[in-house]
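Asks: Mind looking over this structure? Questions follow.
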Amino acid sequence: MLVRSLGMAGPAIVHIEFKSSDFARTSAFYAKLFDWRTEHNASGSYMKLDSSDGPSAGWVRADLVQAPGPVTYLQVDDLAAKLEAVEEAGGRVLVPSLPFAGGGEIGLFADPDGNVIGLWQRKTAAAAGGADAAKAAAPKAPATPKAAAKPASKPKKKK
């Protein structure tokens, strides 16, 4: 992983999402350029990269995206605590928690420059009721938050 190879501490990038206004065009482009294969979800709102190399990746339908660019997901042990730390550090929580089909939950925040970052907390084996959950892969297709399509409220000013 790039993050690890640079000697940086902290969570690794586990997933990255891009936006697409035309899944067929996007799929054809990357297939021609890199021989990538993609798979659409049943609702037509998400297309994932069919790959076992590197972090997982996918595309969200452009009309559902609030982020100005790609959204990178980092794995964390405690989503609520990390989102609290985001606010304490001057960031803004956009989506506090959404479950996703791969197990666990995600949250989204904006850094002080407006970059949107996703956090992923894996479902623990105890919460999932077995060791299989501990082996769960990184999120392949996090739920696309409808709440993120609306502008987030401005952060409260400290007195």
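The values are calculated or read from the model by the stated rules, or taken from the named source; none is laboratory data. Keep in mind that what you see is a predicted model, and the values were worked out from it rather than measured. All Cβ positions, glycine included, derive from the backbone under ideal geometry; neighbour counts span all protein chains shown.
Asks: If we keep just the residues of the stretch 22-55 that are of a type in the set (S, T, N, Q) and either touching a strand residue (DSSP E or B) at 6+ places or on another chain (Cβ under 8 Å) or surrounded by 15 or more Cβ atoms within 10 Å (Cβ to Cβ) (or both), which is modelled with the lowest pLDDT?
Replies: Here is the first cut: in the stretch 22-55, the residues of a type in the set (S, T, N, Q) are 26-27, 38, 41, 43, 45, 51-52.
From the residues that got through so far, the ones that are either touching a strand residue (DSSP E or B) at 6+ places or on another chain (Cβ under 8 Å) or surrounded by 15 or more Cβ atoms within 10 Å (Cβ to Cβ) (or both) too are 26-27, 38, 41, 45, 51.
Working: Thr26: 95, Ser27: 94, Thr38: 94, Asn41: 91, Ser45: 93, Ser51: 80.
The residue in question is Ser51.
Asks: What are the residues in the stretch 32-82 that are charged (D, E, K, R) and at positive phi, if any?
Replies: Asp35
Asks: Can you report the number of residues in the stretch 72-99 which are under 13 Å from the mean Cα position of the chain (by Cα) and free of Cβ contacts under 8 Å to residues at least 24 places away in the same chain? Steps first, please.
Replies: Filtering the stretch 72-99 for residues under 13 Å from the mean Cα position of the chain (by Cα) gives 72-76, 79, 94-99.
Retained after the next criterion (residues that are free of Cβ contacts under 8 Å to residues at least 24 places away in the same chain): 96-97.
Number of matching residues: 2.
Asks: To continue, here is another question. Considering only the stretch 91-124, how many residues are surrounded by fewer than 13 Cβ atoms within 10 Å (Cβ to Cβ) and at pLDDT 95 or above?
Replies: 0
Asks: Please list, ordered by first then second residue, the pairs with beta carbon atoms under 8 Å, 6 or more apart or interchain, first in the stretch 7-34 and of a type in the set (Asp, Glu), second exposed (fewer than 12 other Cβ atoms within 10 Å of the Cβ).
Replies: none
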